[in-house]
Structure formats: structure tokens, C-alpha cells
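Beneath this line is the structure, given in C-alpha cells, with notes to follow.
Just so it is clear, none of the values below were taken in a lab; they were calculated from the coordinates. Source: prediction; values computed, not measured. Note that each Cβ is placed from the backbone with ideal geometry, even for glycine, and that neighbours are counted across all protein chains shown.
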Amino acid sequence: MSKAEKINWITEMHFEEATKAREILSIYNHPNEEVQQRHDEFIENSIANYYLPLGVAPNFIINGEAYTLPMAIEESSVVAAACKAAKFWSSRGGFKTHIIGTQKIGQVHFLFHGKIAALKSFFNAKKQDLIDSTAPLTANMKKRGGGIIDIELKDKTDLIESYHQLHLTFDTVDSMGANFINSCLEQVAKTLQSMAENDEVFLKEQHPIEVIMSILSNFVPQCLVQAEVRCPVEQLKTSGGMSGMAFAQKFIQAVEIAQKEPYRAVTHNKGIMNGVDAVVIATGNDFRAVEAGVHAYAARSGNYSSLSHAFLEGTEFVFQLKLPLSLGTVGGLTQLHPMVKWSMELLGKPNAKNLMEIIAVAGLAQNFAAVRSLITSGIQKGHMKMHLFNILNQNNASDSQKEKALEHFKDHTVSFSAVSDFLKSNP
């Protein structure tokens, strides 16, 4: 079907008011045909665009440089919280970051029923041949300083009978590298099977290698970045009268709870990901891969725990976050989506390492803002104020009613019922 035929079919088949449904889709198709065609070619069966607001969070000082962060997200108060945290730390030395590692992982999963010693001997003899078989795929990546770092044979027979892995480590420089890694893995798997089929040891034992699958891993604990803020304890004094030391101690206790209590840890880390995902989406990166890798990292000890840590170091308060982030600034949507290109330019056209640092800072800022609210005024006071517009729009409030409501709820608690009652008494 053509796009128009798809739209007609879907609206006639599934909507009571097909004409109205088509009108909505027409609104969310870009008026520029070239831009819309590009959007349509991102995915299959495209019928419209699904928009998220793009906000900006200024005043971020990262390693001495000023940044304004692009944030694509639908949740109220996220951008405001990032702005508030950025402003707070801009006068206290800003955010400091460093890259701990950039290695990414891919695996060839296979079965071998023969003697493990024979498999190890075969692998040691053929390891370089396996790497060399990918030369046409890795040539350009090597020129940029990346490629396959190493291949290991891993015995996983304690998990599944006859199960083994080729565990490959990659550096993909400024690309996220999924397609590159998967192409290399598939080539290595073909070479592995081909060489085994013609190897005397395997022919003698009559135990061929059976490749199950070849795929990258989104668990990237060696592709790691740390972000940090620190300041003298006395600089944490709140406007509500809480001393700097009292604030620091309560903050540290709140983070410790998230380290020990999984029910709290999940929500704590979700707050971190509010900031992370918003910038990941704005820069055209794979937020599902990032989410999966980050939450796996949070559970790497066997217990799900906080990604951030807070502590006192002498008279200084220190707040840190380590995140595994596999990101790209070339390839994928980065050169295709106009808003992604715009966001990248806003950030000064960062390379992948710079973007890792920026996104980790977004997560740390978001986490600081959330925990600070929790231990002082409570999370709902600020959040519901920001959510007020959504409630007013759900109630189809007029511009005049919105103006009156904004003034009224400066001094009153926001809730759906309270807003509804206010609108009824202020028609």
C-alpha cells in the first residue's frame, strides 16, 4: 500500500470517526515533503510523526565549559529540575567528569560437544585468523582508531550443556557501533564454522561447531563515565533554614537507602534516567539500549542498587554517578534527523566521549534535584506546579481560566480535583 492507502485503511478499520482520525494524522505530518519523506524512511509503515517537546536546560558548567542541554521528554518538571540543579552547581565549581573506559562487547554463541581441550587448542591456533577475516569490515574503523580489541573463548558449560562463546571486545570510537559490531560478529561466526569444518581435530572427533547466534551486548560495563559534584558542606545551607551539614547528612542517608532498598533504588534510578533519556533522545541515540545497559549495571552485584553515591570527604560534600553509556555522534540518525543535528550543534558538535560526559551530568543533575526535593519540600510541591498546565488542558480551560489558576495555585496545593473545582467556580 501507498502511505495514503495505509492511512485510509487504518482509519476506516479502527476508528469510529475516520475523517477526524485522518485529520489528526495530517496535522502531524510535516508540511515540508522532503523532511517528511526522511521521517517516513526511518521506520516501516510510517503514517505520521509522534512529537515530543524539545526543551533546553542552560547553565551547565562541565569541566569548566558552559553548556545548554537539549532535552526531549514528555514529563513535567524534568527540564525545570535540570535547570535548577545546573544553576545551583554553576556557582559551586560545576560538574567534573572523566571517561573510565570505552570498550563494547559482542558475542558469538555456539555449541560444541567435543573435548574442551581440543576446542581451546583450535581457538588459540586460529584466533588471529578469526580477527583477520573481518579486515574488509574493520579497515575504516581502524583508520579512526577503533576496531576489534580482543577475542576470548569462554567456556559456559556450567550454565548450558556444551555452550561456549567467542567474547569480542570493540572500540567503535564516535559511532554507537551496533551495525559494525554485528557485521564483524557474523563474519567471525562464518569463519569459525568454516575453519572447524576443515580442521583435522574436529573431523576426527566428529563434533562440529554449531553457531546459535551472533549479536552485540547492550551490557557495557567497560564503556563507563563518571560525573561528580563537590563543595564545602556549608555551601549546602537551604533557604528553609536547614544547615549545610544537616542537608548533607540527610542527602547521604537518602542515597544510602537507595543503595540498600531495591524498591527505592528503582525509582531513584528512574529519576537519573529522566535526565539521561531526555538528552539521549534529543541526540538521536538508542535510549532502549542505554536503559537496558544502565539497569543491568545497577544490578551487577546481584542486588539492584543506586547508580549514584554521596559521601563526605573531609569538610566537602561529594555526589558521584557512574554510568555505562554506549553512544554515537556519527551514523544512525545523527546525520539524518534535522532536530538531532540541531541538538548536536547546540552541544558544540561533541564526539562520543564528550557526549558520554554530558549525558552523565544530565543524570547526576536530575538525581540531585530529585533527592534535594525529597528531603526538603517533598517531590510533589514542585512537580504538581509544573503539572498544572497539563491538568488545565485536560479540563479544556480557557486562556482566562489558565491565567487565574496560575495565580491561585501559587499558594494552594495542586491536584486534579482541586483544579477541577477551581474551574467550576471560575467559569
Can you compute 3J(HN,Hα) from phi for each residue in region 147-164, using the Karplus curve 6.51 cos²θ - 1.76 cosθ + 1.60 with θ = phi - 60°, rounded to whole Hz and x for Gly and Pro? x, 7, 8, 6, 10, 10, 8, 10, 7, 10, 5, 6, 9, 9, 4, 6, 8, 9
Square roots of five times the C-alpha gyration tensor eigenvalues of region 383-425, ordered largest first and given in whole Å, equal 13, 11, 10
Listed residues Gly101, Gly284, Gly348; largest mean-square fluctuation, Gaussian network over the chain with Cα springs below 10 Å, found at Gly348
Taking every alpha carbon pair in region 104-217, what does the distance histogram look like in 10 angstrom bins from 0, in percent? 15, 48, 28, 9, 1
Counting other Cβ atoms within 10 Å, keep those with at most 13, restrict to DSSP loop, and tell me which GluC sites (Glu not before Pro) in region 17-74 are left. Glu17, Glu41, Glu44, Glu74
5 Å is the cut-off here: which amide hydrogens, built 1.01 Å from N in the peptide plane, fall below it relative to Ser415, excluding neighbours closer than 5 in sequence? none
Assuming a strict under-18 Å limit between Cα atoms, what lysine pair count do you get for region 278-427 once near-sequence pairs (fewer than 8 apart, same chain) are dropped? 10
Sorted by chain and then number, the residues having a modelled amide H within less than 5 Å of the amide H of Ile149, at least 5 places away or on another chain, are Thr169, Phe170, Asp171
Which of rounded, prolate or oblate describes region 1-131 when judged by the alpha-carbon gyration tensor and an a/c cut-off of 1.5? oblate
Which residue, chosen from Asn198, Gly146, Leu307, occupies the Cα position most advanced towards the positive end of the dipole of the chain, where the dipole is computed from +1 (Lys, Arg) and -1 (Asp, Glu) charges on Cβ about the Cα centre? Leu307
Taking the highest mean first, how do the peptides 86-95, 109-118 order by number of other beta carbon atoms within 10 angstrom per residue? 86-95, 109-118
I'd like the distance between the alpha-carbon centres of region 166-244 and region 45-112, rounded to an integer number of Å. 21
Mind ordering 127-135, 406-414 by average Cβ neighbours within 10 Å, highest first? 127-135, 406-414
Degrees between helix 352-375 axis and first principal axis of the chain (Cα, 0 to 90, nearest 10): 40
About the Cα centre of region 383-425, how large is the charge dipole given +1 on each Lys and Arg Cβ and -1 on each Asp and Glu Cβ? Please answer in debye to the nearest 20. 60
Given axes a ≥ b ≥ c from the Cα gyration tensor, I'd like to know whether the chain is rounded (a/c under 1.5), prolate (a/b larger than b/c) or oblate. oblate
Report the relative contact order of region 111-268, percent, no decimals, based on alpha-carbon pairs under 8 angstrom and at least 6 residues apart. 19
Please report, in Å, the Rg and the Dmax of region 280-427, where both are computed over Cα atoms only. 20.7, 58
Relative contact order of the chain (C-alpha contacts under 8 Å, at least 6 apart) in percent is 18
